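The values are calculated or read from the model by the stated rules, or taken from the named source; none is laboratory data. It should be emphasised that the depicted structure is a prediction, and the values quoted were computed from it without experimental measurement. Note: ideal-geometry Cβ built from the backbone for every residue, glycine included; neighbour counts use all protein chains shown.
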Amino acid sequence: MRSGQRKARYTGAFSVAPTIFDERGELDLDGQKRCIDFIIEAGADGLCILANYSEQFALSDREREILTATIFEHVAGRVPVIATTSHFSSQICAERSKRAAQAGAAMVMIMPPYHGATIRASESGVGEFYRRVADGLDIPIMLQDAPMSGTPLSAAFLAQLAHDVPAVCYFKIEVAQSAGKLRELIRLGGDAIEGPWDGEEAITLFADLEAGATGGILGAGYPDGLQPIIRDYLAGNREQAMRGYERWLPLINYENRQCGLLASKALMKAGGIIRCDMARHPIPALHPATEAGLIEIARNLDAMVLRWAH
């Protein structure tokens, strides 16, 4: 932990749990539970559910409720769980966040309000949005600073928000030049920044750790590869962490640049953890050659995902 930062409640490698569907595009709750068990047993320090990589944008409100109840019941306190509660409406986001807290969420992750390519809130509107969501909420908020929102948020704005709204104390930074933004956020925010975190499927993980990140929201396909990198780095074993990152970087790169949100499910299906790796239409399936390349790299690394279910 950098000097001036308060002790974080949560650190480490948290995996985004994909939403598991069957061949008809319906929720596969048995597959979802096997997915959760694998992530935990593969070493993740925690989970993140209903994220963009969970296809939250393709879920109905009722399906969100079913998944939330199913996952929290199945996790049963084994690891902390972050629930994504993003919505354009501050009222709906606040309601989602309070329900997540009641279900047992360790924190909620929220993007700034946006809709489509052009509907955005002003900087003051973004600040008021988080103030309203935080009102009466007794768990931390992780602000997701991601290109998807199309909302530029300066490090100075984020630091001031952390001072003004203490619940907003974790920040998942996944914009270009993330390490530089993390350094500036930590410098400006000081002890108001409880959790400066990495994102974007670990493609910037080592640079972000060097910048002061203390956790990461990562993919779910290989927690056994990613968790030791963060663990070693935070324990002061930089060289060992670097070697681990170098070893797993081909798979990290392939996931990030070739497969996107389908990578984890493709690996889990190949390993027999789930029966179906489909995303919801209109997201297309991976090209068979792309999927084969992903699995080949994972096999060369002896990734647990390919042998856990056997």
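Details
- Filtering ILE252, ILE274, ILE229, ILE217 for residues that are in a loop (DSSP other than H, G, I, E, B), touching a Gly at 6+ places or on another chain (Cβ under 9 Å) and on the phi < 0 side of the Ramachandran plot leaves a single hit, ILE274.
- GLU174 vs. criteria of a type in the set (D, E, K, R) and in contact with a strand residue (DSSP E or B) (Cβ under 7 Å, 6 or more places away or on another chain): yes
- Residue that is within 20 Å of the chain's Cα centre (by Cα), over 21 Å from LEU249 (Cβ atoms) and charged (D, E, K, R), where the choices are GLU174, GLU184, GLU194, GLU201: GLU194
- Screening ILE186 against (1) touching a Lys or Arg at 6+ places or on another chain (Cβ under 7 Å); (2) in a helix (DSSP H, G or I); (3) surrounded by fewer than 19 Cβ atoms within 10 Å (Cβ to Cβ) leaves a single unmet condition, (3).
- As a summary of the residue check, PRO152 satisfies the conditions (1) modelled with pLDDT of 95 or more; (2) under 23 Å from GLY125 (Cα atoms); (3) not aromatic (Phe, Trp, Tyr) except for the one numbered (1).
- Number of the condition not met by ALA176 [criteria: (1) outside any helix (DSSP H, G or I); (2) in contact with an Asp or Glu (Cβ under 8 Å, 6 or more places away or on another chain); (3) of a type outside the set (Phe, Trp, Tyr); (4) surrounded by fewer than 20 Cβ atoms within 10 Å (Cβ to Cβ)]: (2)
- Any hit, segment 298-305, residues being within 21 Å of the chain's Cα centre (by Cα), more than 28 Å from GLY212 (Cα to Cα) and among the charged types (D, E, K, R): no
- Scan of segment 202-260 for residues that are among the aromatic types (Phe, Trp, Tyr) and farther than 25 Å from PRO80 by Cβ, ordered by number: TYR254
- In segment 114-169, residue surrounded by the fewest Cβ atoms within 10 Å (Cβ to Cβ) [restricted to those that are under 18 Å from GLY215 (Cβ atoms) and out of contact with any helix residue (DSSP H, G or I) (no Cβ under 9 Å at 6 or more places or on another chain)]: PRO140
- Some residue of segment 244-254 being surrounded by fewer than 16 Cβ atoms within 10 Å (Cβ to Cβ), within 30 Å of CYS169 (Cα to Cα) and touching a residue at least 12 places away in the same chain (Cβ under 8 Å): yes
- Pick from segment 38-47, criterion out of contact with any Leu (no Cβ under 9 Å at 6 or more places or on another chain) and closer than 17 Å to GLY199 by Cα, ranking: surrounded by the most Cβ atoms within 10 Å (Cβ to Cβ): LEU47
- Where a residue in segment 93-122 is of a type in the set (S, T, N, Q) and its partner, wherever it lies, is at pLDDT 95 or above and part of a helix (DSSP H, G or I), with Cβ under 9 Å and at least six apart: SER97/VAL133; SER97/ALA134
- Test: ALA94 is of a type in the set (Gly, Ala, Ser) and either touching a helix residue (DSSP H, G or I) at 6+ places or on another chain (Cβ under 8 Å) or crowded, with 19+ Cβ neighbours inside 10 Å (or both): yes
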